[in-house]
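Colleague: Input: one structure, supplied below.
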Ligand code: NAP
């Protein structure tokens, strides 16, 4: 069964389940396994791959470059510029360096990794230049809370933002109260990073109880929970083949009202606004 898809604000269609790459490319002896994991994920339909210039100082982009060699048209590449590189000229240079490491002529979605000292308008201008030259397809942001998004949307071309990537998992669900409904109302997809709580949720006993009813794993329950509503794209990172397969199957898991109630009891929904969490 093909993975369900969602649309970016530009209309581009992407699968709701992709693959993360943080901590890939750090060790030469793991390179082949990481490339193989990403390739398996692509074969299983998780064709959206999230990376960043920051990860392993470009090493993760090199892993992605190897994994997508010969299959560029099958994948949707997301990468990110560091805030320290987000000025008008440095953004262009950073993007070109990422393109070279990725071995491609286009990044499909290019994100500002988090807000830094450079005025947002300047970064947006650089993103629009990159878009006009075809070096990126769309641009977006990461680690932006509601106020940051409002500031962005008020800028010329700010409403072209294609997605916002933020921390979202059962142990960090503050955005259920504000940012997630805010983005849904405006049709701006939310990319959920660390959807497995960096692996902790895969070992959670409360999720294991829910998983047992579905002959599933706690990791699959955590991912299915993240994907329970519209407009969310989850990007778990897996460098082991069995984890990649497990994650792909999570998209087919439907949680019942009983499951959701049990999960809410273990991981209570937010009642009060909290600042956006990030790692
Ligand atoms: P994560 O995806 O929540 O968890 C990754 C960990 O879970 C790895 O140790 C992985 O092990 C393990 N795992 C994966 N699938 C599993 C399964 N089915 N069962 C058991 N364990 C499993 O954490 P993350 O890497 O922090 O987040 C995902 C991606 O989001 C990142 O890789 C990155 O692309 C992005 N991200 C973005 C930001 C940002 O600021 N924008 C910040 C953090 C992360 P193995 O690798 O051994 O398979």
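Coordinate-derived values only; no laboratory data. This structure is a prediction, so every number in the text was calculated from the model and none was measured. Don't worry about glycine lacking a Cβ; one is built from the backbone with ideal geometry, like all the others, and counts go over all protein chains shown.
Colleague: Could you give the length gained on full extension between residue 214 and residue 273, defined as 0.36 nm per residue of separation minus the Cα-Cα distance, in nm?
Modeller: My answer for the length gained is 17.9 nm.
Colleague: Would you mind checking the radius of gyration and Dmax of the stretch 95-244 based on alpha-carbon positions, in Å?
Modeller: Expressed in Å, the Cα Rg and Dmax of the stretch 95-244 come to 17.4, 51.
Colleague: Would you mind telling me which residue in 123, 256, 226 has the biggest mean-square fluctuation in a Gaussian network model of the chain, where springs connect alpha carbons within a distance under 10 angstrom?
Modeller: Looking only at 123, 256, 226, the biggest GNM fluctuation is shown by 256.
Colleague: With N set to the number of residues, divide the alpha-carbon radius of gyration of the chain by 2.2 N^0.38 Å and report two decimals.
Modeller: Against the compact-globule rule of thumb, the ratio is 0.96.
Colleague: For the stretch 59-118, what are the per-bin percents of Cα-Cα distances with bins 5 Å wide, up to the bin holding the maximum?
Modeller: 4, 19, 30, 23, 13, 8, 3, 0
Colleague: Give the percent of DSSP beta bridges with both residues in the stretch 1-152 that are antiparallel, rounded to the nearest 5.
Modeller: If we restrict to bridges inside the stretch 1-152, about 20 percent are antiparallel.
Colleague: Something else now. Please find the FRET efficiency linking residue 147 to residue 266, where r is the Cβ-Cβ separation and R0 is fixed at 22 Å, and quote it to the nearest 0.05.
Modeller: My answer for the efficiency is 0.15.
Colleague: With springs only between Cα atoms under 10 Å apart, run a GNM on the chain and tell me which of 172, 89, 208 wobbles the most.
Modeller: Per the Cα network of the chain with a 10 Å cutoff, 89 tops the list.
Colleague: Springs between alpha-carbon pairs under 10 angstrom, Gaussian network model over the chain: which of 228, 186, 72 fluctuates most?
Modeller: 186
Colleague: Which percent of Cα pairs goes in each bin when the distances of the stretch 1-40 are cut into 10 angstrom slices starting at zero?
Modeller: 24, 36, 27, 13
Colleague: So for the chain: antiparallel DSSP bridges make up what percent, rounded to the nearest 5?
Modeller: Of those bridges, close to 15 percent are antiparallel.
Colleague: Shifting gears a bit: Quick one: if the Förster radius is 25 Å, what FRET efficiency do residue 33 and residue 7 give, using the C-beta to C-beta distance and rounding to 0.05?
Modeller: The formula returns an efficiency of 0.15 here.
Colleague: Counting other C-beta atoms within 10 Å, which of 57, 87 has the fewest, and how do the rest follow? Write down the numbers at each step before the final one.
Modeller: On the way: 57 10, 87 20.
Fewest-to-most ranking of 57, 87: 57, 87.
Colleague: Relative contact order, percent, of the chain when contacts are C-alpha pairs under 8 Å separated by at least 6 residues?
Modeller: Taking the mean separation of contacting Cα pairs over the length of the chain, I get 20 percent.
Colleague: Taking a quarter of the surface of the Cα convex hull of the stretch 28-91, what do you get in nm²?
Modeller: About 4.8 nm², averaged over all directions.
Colleague: Any chance you could tell me what percent of the C-alpha pair distances in the stretch 78-179 go past 17 Å?
Modeller: Distances greater than 17 Å cover 49 percent of the Cα pairs.
Colleague: Compute the Cα gyration tensor for the stretch 1-139, then decide on rounded, prolate or oblate, letting a ≥ b ≥ c be the square roots of its eigenvalues: rounded whenever a/c is under 1.5, prolate when a/b is larger than b/c in the other cases, and oblate in all that remain.
Modeller: oblate
Colleague: Turning to a different aspect of this structure: Just grab the label-to-label distance for residue 205 and residue 105, each label 7 Å out from Cα along the Cβ direction, in nm (one decimal).
Modeller: So the label points at residue 205 and residue 105 sit 5.7 nm apart.
Colleague: Take the alpha carbon gyration tensor of the stretch 204-279, find the square roots of its eigenvalues, order them as a ≥ b ≥ c, and report rounded if a/c is under 1.5; if not, report prolate when a/b exceeds b/c, else oblate.
Modeller: Working: a/c = 1.78, a/b = 1.22, b/c = 1.46.
It is oblate, given that a/c is not under 1.5 and a/b is not larger than b/c.
Colleague: What number, rounded to the nearest 500 deg cm²/dmol, is the helix-based mean residue ellipticity at 222 nm of the chain, given -39500 (n - 2.57) per DSSP H run of at least four residues and division by all its residues?
Modeller: -11000 deg cm²/dmol
Colleague: Measure out, as a whole number of angstrom, how far apart the alpha-carbon centroids of the stretch 219-271 and the stretch 1-30 sit.
Modeller: The two parts, judged by their Cα centres, are 15 Å apart.
Colleague: While we're here: Taking the inverse of the average 1/r across all pairs of different Cα atoms in the stretch 193-242, what Kirkwood radius in Å do you get?
Modeller: About 11.2 Å for the stretch 193-242.
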